[in-house]
1. For the structure I just gave you, tell me whether A:Phe142 is facing another protein chain (nearest Cβ under 8 Å), touching a residue at least 40 places away in the same chain (Cβ under 8 Å), in contact with a Gly (Cβ under 8 Å, 6 or more places away or on another chain) and under 22 Å from A:Thr181 (Cα atoms).
2. Going by the structure shown, is B:Ala445 crowded, with 22+ Cβ neighbours inside 10 Å, at pLDDT 85 or above, of a type in the set (A, V, I, L, M) and assigned to a helix (DSSP H, G or I)?
3. Could you list all residues from region A:130-144 that are in contact with a Leu (Cβ under 8 Å, 6 or more places away or on another chain) and part of a loop (DSSP other than H, G, I, E, B)?
4. Please go through region B:143-163 and pick out each residue that is closer than 21 Å to B:Leu341 by Cβ and either free of Cβ contacts under 8 Å to residues at least 40 places away in the same chain or among the polar types (S, T, N, Q) (or both).
5. Kindly indicate the residue of region B:403-442 that is over 18 Å from B:Val699 (Cα atoms) and among the basic types (Lys, Arg) and also surrounded by the fewest Cβ atoms within 10 Å (Cβ to Cβ) among those meeting that condition.
6. What's the total number of residues in region A:87-103 that are at pLDDT 90 or above, under 14 Å from the mean Cα position of the chain (by Cα) and more than 7 Å from chain B (Cβ to nearest Cβ)?
7. Return yes or no: is B:Arg213 surrounded by fewer than 21 Cβ atoms within 10 Å (Cβ to Cβ) and in contact (Cβ under 8 Å) with a residue 24 or more places away in the chain?
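The values are calculated or read from the model by the stated rules, or taken from the named source; none is laboratory data. From a predicted model like this one, the values you see are computed outputs, not experimental measurements. Here the Cβ positions follow ideal geometry from the backbone for every residue, glycine too, while neighbour counts run over all protein chains shown.
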Amino acid sequence: MSTILQAKDLCKTFSNGSVQQHVLKNLNIEIEQGDFVVIMGSSGSGKSTLLYALSGMDRPTLGEINFKGEAIQNYSNDKLAVFRRKNCGFVFQQNYLNDTMSILDNILVSGLLVNKDAKALTDEALRLLKAVGLDENISKKFPTQLSGGECQRVAMVRGLINKPLILFADEPTGALNSKNTENVLNILTEFNRQGQTIVMVTHDMKSARRGSKIAYLADGVITGNCNLGEYKSGDKERHEKLRTFLQEMGW
Amino acid sequence: MKKLLMIAMSNLKKKRGEAVTIGILIGFTALLLYVSFSTLFNLEKVEELSRQNSNLADYELILPLELADEAEAIIVAEQDVIACERNTAAHSDGFKLLYGENYEKSLEATPDIYCIEDTFTISKITADYDINTFPENGIILTKYMEKAQGFKKGQTIKLELKDNTYEMVVVDFSEDAMTATPLNVSAAKYYVGKKMYDELMTNSDIRSTCSIRAKIAEDVDRIAFEKNLMQKLYIEIPELGNSVFFSLNWVDMLHGVEMMPRISMVIILSFAIVLIFITIAVIWYNIKNFMDENMTNTGILKASGYTSLELNLSLTLQFAIVAIIGSLCGTCIGFAGFKPLGNAIAALSGIEWRMGPDPVSAVLAVAITAVVVTVIVLLLGRKYKKIFVLDALRGGISTHNFKRNHLPLNKSKLTLPAGLGIKSFLFDKGKNVSVVLVIAFLAFAACSGVFIYFNFGVSGDSILRMSGIEMRTVYVTGDTKYGELDPMTIEGVTDYLYGNNGDYTLRAGENESSCNVDYWDDPSKLTAEELVEGRLPENEKEIVLAGSIRKELGVDIGDIVYLDNGEKYCEFMVVGFDQKINHFGRKAMITMDGIRRLLPNVEPAALYIGIEEGQTYESMRAVVEKAYPNGSVNNGDSIMADTVSGVTNVMYLICLAFLIATYVVVFFILYMIGKSRIVEEKKQLGVYKALGFTTGQLVYKNVVSVIPVVTIGGALGILFTYVGINPLITLMFSAIGFGRSHYPHSLVWYVLVVVLMIVDAIIVTIVASSKIRKIEPVKMIQE
């Protein structure tokens, strides 16, 4: 499998007057096509900072981020915006759907940035909505008329509408109940099986179990990696492997 | 109270930008209110000060010298006259004044030039001069010429009369409230040294006139005194009816002094009222926004035990603080600017503004703005009653109507940012209505400014039509050869009109009114006539009355009125009503044959000659002078331009001020709205950026969402102006008998005004949207 995203000696420092906080310290990571990488770590370890640096939403203080061999860390803001719309999809802890627009428009607002064919995009949006277990009719509703789980699934469709090379998910189940969490994880697993590369940040072990690779972050550096392979439901050995790994990491 | 003040101050700190914008609007409103109040309240005091300063005559008669002895004897014999004074003056209708650094400015004038060494104890010369050192070629001009026409002390000017030129130095300016402005009466008083006066009197084109001024007992009705006196004068001096003379009483002339300042202040007051509406709309928008944004805080405060009334009072306190500070600043600016303001009013009235800052007007301006804002906020704040704790804690009651998804993106032909902009506009309908109203009021104000400028500031034609002052390019006075020479036989003449006027009494039943009556040889040739109802007089038994006379007499078309000169009266049938503002609307019009029923020997005092296109006064002057060797030939266009120049200049300034104020207010309001929208949508904008929108696309989206608001508001403003401005003018002048206003509109300019407003809006939205560049998606998402 080919490497599509690579971070070399990545540093991120936040300054507040004379106080400096080094969140990422000479971090290295590689994401290969088809990976389902889960970034774990305790609170404040730099998980989200790493995710946003990798996705071009934030700039590293030092180091290099290569996307398909091209360094993106020095892109202008607008060039980074174009990079994100073409290559990245996002699912956040909150769904961030626009309450003033219908579900379909919420999806198309992202899709139309890349593809001008509204008809084809609409068809794709409806297909994806079906794929995440939502009825087509939901497309005409507004976010406030849906449950939190349904909204998060719509947010996933919005993240996938442009067929991104990588889907970045920042604690996508953090605001959901257990049933909706399971639904969302199943969807992510299914898309990964179909070839979608996913990078997900979580501190939930149940969610982490879905990943093919686990990177553990502590104090701004990756202290350990664990290769879990393809997810199979009810795979106890996989669960044990992850538990042991996390114990070793001090989880 | 302290806790409410704390909440109010905390909210003010959070909403500094909005508070400053509203404060500026309130300050500007208070300034305009102060300016109009202080002028309107003090105008009469200023007139009284002027009257006292010059020991102004209560009655003045200006007439040819040969009739003066008899007239003086009649006046002195009046038992109500306590003092009388008489002075002779040099007069010509054909003076031309050249002034400016290189004599580049000129002024046609019909002054009475007096000798400074004469005695003037009634209507004294108020200028600063020393009789012993008065220069041989010195001249004292009128205050109006200094304030409105740009004459300066120490300036050398040229007085031209046909082939003679007199070079003179302006010593100072004197103010005579009776003849303060040319719109009031075309009898300006100049004063020169004895030698110059004698030299002028040797000029054969100059004739002698006489001013007879009287002080009358305090308790005597000035208007009734003049009416009775005129009846005696007409009887005793029959030649008077055939002469050019001015019979002036202070009460009537006072209206003339007040007219233009009052009109201007009514315009400014109207703009202040429009600004109050704009401020209310902005406050409405702000409160709506504030409540939406502050919903959770409201929930917390209500949960802690604050009542809706207390929250409403804290909101009211918040805006009242802004209103008081803003209005105090506005009136302070008015206080500081009392001198330039006084000069502007002096340019309109022709008398010095002898008042300092006016505390009563200031208190009133502050009180009105503060009370209006407080009441409006109290009313709008009642919405707190409808906010329930749990709803508020959840982030707000949902007032959104989700039944319709405006402009679905899959069906939109617009670009994505444009589509989002339009969606944003359609979604925010509630808030946009208040912004549309603000823009509509502003567009109305700006278009009204343009309307005023094009009708009253460019050519002065409308002012002349309002005044009813008739004029043609060539204007002949003196011997007009009426009945001897047909003016149409002069080459280049296209039309002509003979006219004269006099003061009479009109009676209808038990009602009577003194009025100035114009008599024309052919009223159908009038060009400055504003007929409101009926038709013009066609024969010697018909009369047209102006609005004020109609009110005073209580007559209608078809009624009979009696025109009385004291000795005799004639009946006339009312055939129409017109509107005029000179003589405060107390005017009437009959035919020349009509007046001859009362005064058989009356002759026209003036001949108005219209000329062919391509001809000018200069090209026609020689031929007309040859045709009327005993007449005085004058440039009518210049006389009219000079007569209205002061007014047109002020109207131009008012229009300019309206336009600048409009664009500045549009800038501030849209900047405030733009900024508050960005704060409101900050998180959403961050998400859009995360999804891959560039800053440019988001700025474009904001611009697109503003354009429909400004365009609809602007279109409404044009509509308001088109439909409302003429009725508004009618209403403003209804007190002086205005029944109809139908001044033309300049639609192209209105559209241009709105286009500039749209450009202004685009620029300000781009400026306000510059903050989008600084929005970091990561921070928005991690917040």
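1. Against the criterion (facing another protein chain (nearest Cβ under 8 Å), touching a residue at least 40 places away in the same chain (Cβ under 8 Å), in contact with a Gly (Cβ under 8 Å, 6 or more places away or on another chain) and under 22 Å from A:Thr181 (Cα atoms)), A:Phe142 does not qualify.
2. no
3. The answer is A:Asp135, and nothing else.
4. Correct list: B:Glu146, B:Gln149, B:Lys152.
5. If we take residues in region B:403-442 being over 18 Å from B:Val699 (Cα atoms) and among the basic types (Lys, Arg), then B:Lys403 is surrounded by the fewest Cβ atoms within 10 Å (Cβ to Cβ).
6. 4
7. It is false that B:Arg213 is surrounded by fewer than 21 Cβ atoms within 10 Å (Cβ to Cβ) and in contact (Cβ under 8 Å) with a residue 24 or more places away in the chain.
Conditions tested, residue by residue: (1) within 44 Å of the chain's Cα centre (by Cα); (2) within 20 Å of B:Phe290 (Cα to Cα); (3) not β-branched (Val, Ile, Thr).
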site	(1), (2), (3)
B:Leu301	no, yes, yes
B:Thr307	no, yes, no
B:Asn312	yes, yes, yes
B:Leu317	yes, yes, yes
B:Ala320	yes, yes, yes
B:Gly330	yes, no, yes
B:Phe338	yes, no, yes
B:Leu341	yes, no, yes
